[in-house]
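Below is one structure, written out as structure tokens; comments come after it.
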Amino acid sequence: MKVRSQPLVLMAAAGVLAGCASTPPEADPVVQKLNELDGRLLRIERVLANQSLLDLSQRIEASQNEVRVLRGQLEELQHASSKTQEQQRELYGDLDKRLALVEGGGAAGALLAGSTQSTGLPIPQGDDRANYQAAFDLLKDGKYPEAAAAFKQFLATFPNSQLSDNAQYWLGESHYVTKQYQDALRAFRTVIEKYPDSRKLPDALLKIGYCNYELKNWAEARAALDQVVKQYSDTTAGRLARERLAKMQSEGR
């Protein structure tokens with residue numbers, strides 16, 4: 001009996017080994033578990049990568065907004081530098097007259113004081129350049145509601161100024177940075193409609209796309225950004241428009 005049972009044991013062992021050898025690797029529970037873990041890890045890595053790209057995109061956009069404000073500041077300082085001394089002389093002379101009238105009392109002083117309060121301009125007795133610069137300084141200092149009010153009054157008081165198109169654009173920026181996207185959209189559209197030859201046209205059209213993006217008007221946003229790319233491809237506005245379009249595509253917009 002012992003002699004005959006040994007072949008039977010060997011045959012059983014061989015059968016087990018043959019069964020293991022015939023089991024494909026993909027059916028192995030251990031292999032399946034490893035594959036599942038690999039897939040989950042890959043999905044997590046993709047989510048983290050996308051989040052990092054989104055954070056980076058937001059930081060880049062914030063930096064670009066700061067650069068545009070600084071560029072505008074430099075542009076306007078250069079534009080107004082030739083008349084700075086003349087404006088200062090006029091302002092000092094006007095201030096002396098106003099102080100003399102107020103100090104002298106009487107109806108004339110009261111009338112002058114009332115007129116300066118009613119204009120709503122940052123520099124009531126100043127010209128368009130002085131008031132434009134004062135409004136721009138408010139924007140640069142982060143006083144956005146005050147800047148918006150100053151630019152509105154500038155446009156009402158000096159509608160024919162050579163700086164009107166710039167004032168209209170910065171009015172839109174004052175609203176955009178405070179997330180008043182509907183008001184900003186109206187201001188930027190006015191730049192396009194009223195000042196078709198303005199140097200601010202590419203930036204205004206870009207911001208129309210940005211405002212519509214924030215308002216979730218995807219078709220309008222894409223149309224404005226496409227127009228920037230087609231008409232101003234080699235400009236900073238064109239590059240930013242392409243980046244926002246790529247972002248929209250990645251988001252499925």
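Among the numbered criteria (1) among the aromatic types (Phe, Trp, Tyr); (2) within 17 Å of the chain's Cα centre (by Cα); (3) more than 24 Å from Leu245 (Cα to Cα), which single criterion is violated by Tyr169?
(3)
Identify the residue in the stretch 171-180 that is crowded, with 21+ Cβ neighbours inside 10 Å and touching a helix residue (DSSP H, G or I) at 6+ places or on another chain (Cβ under 6 Å) and, among all such residues, is nearest to Gln153 (Cα to Cα). Before you say what the answer is, go through the steps one by one.
First pass over the stretch 171-180, keeping only residues crowded, with 21+ Cβ neighbours inside 10 Å: 171-176.
Subset that is touching a helix residue (DSSP H, G or I) at 6+ places or on another chain (Cβ under 6 Å): 171-172, 174-176.
Details: Leu171: 10, Gly172: 14, Ser174: 14, His175: 15, Tyr176: 18 Å.
Of everything passing the filter in the stretch 171-180, Leu171 is nearest to Gln153 (Cα to Cα).
Report yes if Ala221 is part of a helix (DSSP H, G or I), in contact with a helix residue (DSSP H, G or I) (Cβ under 6 Å, 6 or more places away or on another chain), at pLDDT 95 or above and closer than 28 Å to Pro122 by Cβ, otherwise no.
Numbers: part of a helix (DSSP H, G or I): yes; in contact with a helix residue (DSSP H, G or I) (Cβ under 6 Å, 6 or more places away or on another chain): yes; at pLDDT 95 or above: yes; closer than 28 Å to Pro122 by Cβ: no.
Taking the combined requirement at face value, the residue does not satisfy it.
Among (1) more than 21 Å from Arg242 (Cβ to Cβ); (2) in contact with a helix residue (DSSP H, G or I) (Cβ under 7 Å, 6 or more places away or on another chain), there is one condition Pro159 misses while meeting the rest; what is its number?
(2)
I need the full set of residues from the stretch 140-173 which are in contact with a Leu (Cβ under 9 Å, 6 or more places away or on another chain) and in contact (Cβ under 8 Å) with a residue 40 or more places away in the chain, in order please.
Lys140, Trp170, Glu173
Regarding the stretch 233-248, can at least one residue be identified that is touching a residue at least 60 places away in the same chain (Cβ under 8 Å), of a type in the set (Lys, Arg) and either in a helix (DSSP H, G or I) or surrounded by 23 or more Cβ atoms within 10 Å (Cβ to Cβ) (or both)?
Scanning the stretch 233-248 turns up at least one residue that is touching a residue at least 60 places away in the same chain (Cβ under 8 Å), of a type in the set (Lys, Arg) and either in a helix (DSSP H, G or I) or surrounded by 23 or more Cβ atoms within 10 Å (Cβ to Cβ) (or both).
So, in the stretch 130-166, how many residues would count as being within 19 Å of the chain's Cα centre (by Cα) and part of a loop (DSSP other than H, G, I, E, B)?
Looking only at that region, the number is 3.
Taking the stretch 127-160 as the region of interest, how many residues are buried (at least 18 other Cβ atoms within 10 Å of the Cβ) and among the basic types (Lys, Arg)?
1
The values are calculated or read from the model by the stated rules, or taken from the named source; none is laboratory data. Model, not experiment: these values are computed from the prediction. Note that each Cβ is placed from the backbone with ideal geometry, even for glycine, and that neighbours are counted across all protein chains shown.
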